[in-house]
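What follows is one structure encoded as structure tokens, with my remarks underneath.
Nothing in this text is a laboratory measurement; each read-out follows from the coordinates by a stated rule. These numbers were taken from a predicted model, which means no experiment stands behind them. No Cβ is skipped: glycine too gets one built from the backbone with ideal geometry, and neighbour counts run over all protein chains shown.
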Amino acid sequence: EMVEAIRTFTGQTSLQIETGNLQLRRDFLDVRDAVRALAMVAVPECASVMAGKTYNLGRGEASPLAEVLQMLLDASKSDATQRTDPARLRPNDPPALWADISKLEMDTDWRPERGLKDSLAELVSAG
């Protein structure tokens, strides 16, 4: 929803985005990195090690949503402003969520390659 709004605002001024709590931190992963990780199952050396195990997939770090929004706005060259909408606040949201990817890294040597800022810029420009 936020990316579509940003795409709509690209190059425009004096617009406002209503959000929930931007102090929350979440783990974001470029889909191309996710596909690369999932493809590891098909590699015989990895498949034998991974068989029957459960893995977490993510970047392994939590990014503040306020920073994610700013990256999106920067990529869109919009000077839209943000307003917290109380209706979008969820009091039971955990302050930070991220994947522990250490087992995946250890078993496959996989690591995310794409930076969040670049991924978001490509997402905005793809629209």
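Numbers for the structure displayed
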read-out: Relative packing of 105-111, 55-61, which averages over residues the other C-beta atoms within 10 Å, highest first; value: 55-61, 105-111
read-out: Cα→Cβ-extended label distance, 7 Å offset, between residue 54 and residue 38, nm; value: 1.9
read-out: Rounded to the nearest 20 debye, dipole of the chain from Cβ charges on Lys, Arg, Asp, Glu; value: 160
read-out: DSSP beta bridge pairing in the chain, given as percent antiparallel to the nearest 5; value: 25
read-out: Under 5 Å, built H, 5+ apart or other chain: amide partners of residue 18; value: 83
read-out: Charge dipole of the chain about the Cα centre (unit charges at C-beta), most positive-ward option of 29, 89, 15; value: 89
read-out: Global form of the stretch 76-115, assessed from the alpha-carbon gyration tensor, a/c cut-off 1.5; value: oblate
read-out: Candidate lysines for bridging to residue 117, where Cα separation is under 29 Å - those fewer than 8 sequence places away on the same chain excluded; value: 77, 103
read-out: The chain - mean residue ellipticity at 222 nm from DSSP helices (-39,500 (n - 2.57) per run, n ≥ 4, rounded to 500); value: -11500 deg cm²/dmol
